[in-house]
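Here is the structure we will look at, set down as structure tokens.
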Amino acid sequence: MIGTLSFSMLASSAHADWSEASSEHFIIYGDQSEKSLRLFAERLELFHATMAQVLRKAPPKPSPSSRVTIFVVSSDDEVRKLMQADNSFMKGIYRPRAGATVALVPQLRHAKSKYELAPETVLYHEYAHHFMYGITARAYPRWFVEGFAEFFAGVRFQSKQVDLGMPAEHRAMELVRSTHVPIRELLSMAGGKREPNSRYDAFYGQSWALFHCLQFSPGRAGQLGRYQALLAQGKPAREAAEGAFGDLDELEKDVRIYWNRASMIHLSIARDTLQIGPIGVSQLPPGPAAMMPINMRSKIGLSEEDAAALLPEAQQLAAQYPEDADVLAVLAEIELAAGHGDAAAATADRALALEPKNVNAQLQKGYAVFHKVESGALPRESWAWVRNEFAKANAIENNHPIPLIQFYRSYRVQGVKLTPNAVDGLASAMQLAPFDSSVRRMLSQQLISDKRLAEATEVLAPLAYSPHRNEFTDRALELLLDVQARIESEQGQNRD
């Protein structure tokens, strides 16, 4: 069944005319007009520039091949086919991963009604998270993280200005009909975390309304900044809220009145004050265009079974375009995911012979050698070879996080003493990709092992209090509380 889904997807997209829009922070692929892609890339860069101007800070500039990659397909149905999902509410995905953040969205359009959550709005919401993690290492309460993202996702692009904080009308029905989260629960660090399969509540709508009210309500001017300052001082979430906002029952009443107003204030930024870099748009060459449906599946993520189903088609296309390094690099990805490490290494070598600075091919070569040494197919002395392959990738793009991560992992998997260079590299990778939870877990474990407990809490906290709860965030919270208890115990012993 998996193979049937994959190949029906390929048949529908194999002959599309794919174009690429390339900008400073994004690379966008779409089977639509070059004009549409250019406008989309421009909006995304303006969104990034607007956030940078308002917040007076921006994340580190990504390396060319670790920019956010966005695939624009023809419809919601195509999204679901690619994801092999039967969820009728799925309109797109956003997966923040070190060096490989990817988004999949349907053909760009406005919402059919003001109450619909448009896919482009979802993308802005998720990129706001991406941006926030890039400019602060501090953990914020769940309501603040989601209120921040909802506020910035309310963006409108006009000829002379960009408007931020537009009313989140897609949250209107939620605010009216869904279960209300009590204000003290909302303002807790976990923000009214729901249990699995629990009834949907108004958390997102309330978080947006509270954030918007604190931004623009004249009677609450300066309170949001004071709240952040108190959190930065280490005040507990509830104490910080009471210290900044005063009586919480009054706050709840004010927010209810605020979201029922007939009109709302928004923030306007003149476009001529926003500096964005050049945007290049071009039609993809025949090889990468033909390989694009497989490339999308690979970048989104494949199980070994999925990769095995895609492999014959990928091999066939690579045979048609044997001189295209990008096509060969994608084939190497599929071969590696399907468990064919030798073939992946050989294919990566062919790609590198054609294009020595092809970062994707170099990464696949590193992964393939890593897999062979880890599995025992190569002797343990070959770990130096693994590190050399990722060092080559680092030489091509020295601010790409993946080579730094894999260089570190090679020591861990080998089971030998870590070098300071390897640990520093992992720390640098987290600076480059602070949104990747797996990197946070790795670095926090290393810091705990090195008895750098205070630093470990700073790394763990954003993961432990992530608004997107899962088993990893729950484990991170348990670990964070354990580390904090150890710190308090050591401080108590020192006082004694």
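The values are calculated or read from the model by the stated rules, or taken from the named source; none is laboratory data. All figures in this text were calculated on a predicted structure; none of them were measured in a lab. Ideal geometry is used to build each Cβ from the backbone, glycine not excepted, and the neighbour counts take in all protein chains shown. What goes into the accessible areas is simple: the full protein's heavy atoms, side chains included, and nothing from ligands, DNA or RNA. Shrake-Rupley method; radii C 1.70, N 1.55, O 1.52, S 1.80 Å.
May I ask you to list the residues in region 44-58 that are open to solvent by 60 Å² or more (accessible area, probe 1.4 Å) and either at pLDDT below 95 or within 14 Å of Gly277 (Cβ to Cβ) (or both)?
Step one: of region 44-58, the residues open to solvent by 60 Å² or more (accessible area, probe 1.4 Å) are 53, 56-57.
Selection gives Arg56, Lys57.
Filter region 278-303 down to the residues that are in a helix (DSSP H, G or I) and more than 23 Å from the chain's Cα centre (by Cα), then identify the one that is surrounded by the fewest Cβ atoms within 10 Å (Cβ to Cβ).
The residue in question is Pro286.
Could you please give the count of residues in region 261-275 that are assigned to a loop (DSSP other than H, G, I, E, B), open to solvent by 30 Å² or more (accessible area, probe 1.4 Å) and either modelled with pLDDT of 95 or more or not aliphatic (A, V, I, L, M) (or both)?
Initial filter on region 261-275 (assigned to a loop (DSSP other than H, G, I, E, B)): 261-266, 274-275.
Those still in the list that are open to solvent by 30 Å² or more (accessible area, probe 1.4 Å) too: 261-266, 275.
Applying the additional criterion that residues be either modelled with pLDDT of 95 or more or not aliphatic (A, V, I, L, M) (or both) yields 261, 263, 266, 275.
Residues meeting the conditions: 4.
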Those residues of region 234-245 which are in contact with a helix residue (DSSP H, G or I) (Cβ under 8 Å, 6 or more places away or on another chain) and either surrounded by 19 or more Cβ atoms within 10 Å (Cβ to Cβ) or in a loop (DSSP other than H, G, I, E, B) (or both) amount to Lys235, Ala237, Ala240, Ala241, Ala244, Phe245
Yes or no: Ala461 of a type in the set (Gly, Ala, Ser), touching a residue at least 40 places away in the same chain (Cβ under 8 Å) and open to solvent by less than 20 Å² (accessible area, probe 1.4 Å)?
yes
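How about region 300-314: which of its residues are more than 18 Å from Arg95 (Cβ to Cβ) and not small (Gly, Ala, Ser)? Before you say what the answer is, go through the steps one by one.
Just the residues of region 300-314 that are more than 18 Å from Arg95 (Cβ to Cβ), to begin with: 304-305, 308-314.
Of everything in region 300-314, those that are more than 18 Å from Arg95 (Cβ to Cβ) and not small (Gly, Ala, Ser) turn out to be Glu304, Glu305, Leu310, Leu311, Pro312, Glu313.
Let's see how each residue does on (1) open to solvent by less than 40 Å² (accessible area, probe 1.4 Å); (2) without any contact (Cβ under 8 Å) to a residue 12 or more places away in the chain; (3) touching a Cys at 6+ places or on another chain (Cβ under 7 Å):
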| residue | (1), (2), (3) |
| --- | --- |
| Gln406 | yes, no, no |
| Val413 | no, no, no |
| Val423 | yes, no, no |
| Ala433 | yes, no, no |
| Asp436 | yes, no, no |
| Val439 | yes, no, no |
| Ser449 | no, yes, no |
| Leu453 | yes, no, no |
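Could you check, for region 466-476, whether at least one of its residues is open to solvent by 40 Å² or more (accessible area, probe 1.4 Å), closer than 30 Å to Phe148 by Cβ and touching a Lys or Arg at 6+ places or on another chain (Cβ under 8 Å)?
Start the filter on region 466-476 by keeping residues that are open to solvent by 40 Å² or more (accessible area, probe 1.4 Å), which leaves 468-472, 474-475.
Still in the running and closer than 30 Å to Phe148 by Cβ: 468-472, 474-475.
If we keep only those that are touching a Lys or Arg at 6+ places or on another chain (Cβ under 8 Å) as well, we get 469, 472.
Within region 466-476, one or more residues are open to solvent by 40 Å² or more (accessible area, probe 1.4 Å), closer than 30 Å to Phe148 by Cβ and touching a Lys or Arg at 6+ places or on another chain (Cβ under 8 Å).
Can you tell me which residue among Lys372, Lys417, Lys392 is in a helix (DSSP H, G or I), basic (Lys, Arg) and open to solvent by 50 Å² or more (accessible area, probe 1.4 Å)?
Details: Lys372 fails: open to solvent by 50 Å² or more (accessible area, probe 1.4 Å); Lys417 fails: in a helix (DSSP H, G or I).
Checking each option against the conditions leaves just Lys392.
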What's the number of the condition Ala149 fails, among (1) modelled with pLDDT of 90 or more; (2) under 30 Å from Leu39 (Cα atoms); (3) part of a loop (DSSP other than H, G, I, E, B)?
(3)
Checking Pro322 against (1) at negative phi; (2) without any contact (Cβ under 8 Å) to a residue 60 or more places away in the chain; (3) under 29 Å from the mean Cα position of the chain (by Cα), only one condition comes out false. Which one?
(3)
Meets criteria (outside any helix (DSSP H, G or I) and over 25 Å from the mean Cα position of the chain (by Cα)) for Val181:
yes
Considering every residue within region 329-344, establish whether at least one is open to solvent by 20 Å² or more (accessible area, probe 1.4 Å) and outside any helix (DSSP H, G or I).
yes
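One residue is enough: does region 463-472 have a residue meeting the conditions modelled with pLDDT of 90 or more and in a helix (DSSP H, G or I)?
Keep residues of region 463-472 that are modelled with pLDDT of 90 or more, which gives none.
No; the residues of region 463-472 include none that is modelled with pLDDT of 90 or more and in a helix (DSSP H, G or I).
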Among residues belonging to region 168-183 that are out of contact with any His (no Cβ under 9 Å at 6 or more places or on another chain) and surrounded by 15 or more Cβ atoms within 10 Å (Cβ to Cβ), point out the one that is farthest from Glu120 (Cα to Cα).
Ile183
Mind checking whether some residue in region 190-204 is of a type in the set (A, V, I, L, M), farther than 30 Å from Leu274 by Cβ, open to solvent by 10 Å² or more (accessible area, probe 1.4 Å) and within 23 Å of the chain's Cα centre (by Cα)?
yes
Quick one: in region 121-167, of everything that is open to solvent by 10 Å² or more (accessible area, probe 1.4 Å) and of a type in the set (Gly, Ala, Ser), which residue is nearest to Ser263 (Cα to Cα)?
Gly154
Could you check region 15-28 and list, in sequence order, the residues that are closer than 22 Å to Ala433 by Cα and either open to solvent by 30 Å² or more (accessible area, probe 1.4 Å) or outside any loop (DSSP other than H, G, I, E, B) (or both)?
Ser22, Glu24, Phe26, Ile27, Ile28
Test Ser66 against the criterion of being more than 28 Å from Glu174 (Cβ to Cβ), out of contact with any Pro (no Cβ under 8 Å at 6 or more places or on another chain) and at pLDDT below 95, and give yes or no.
no
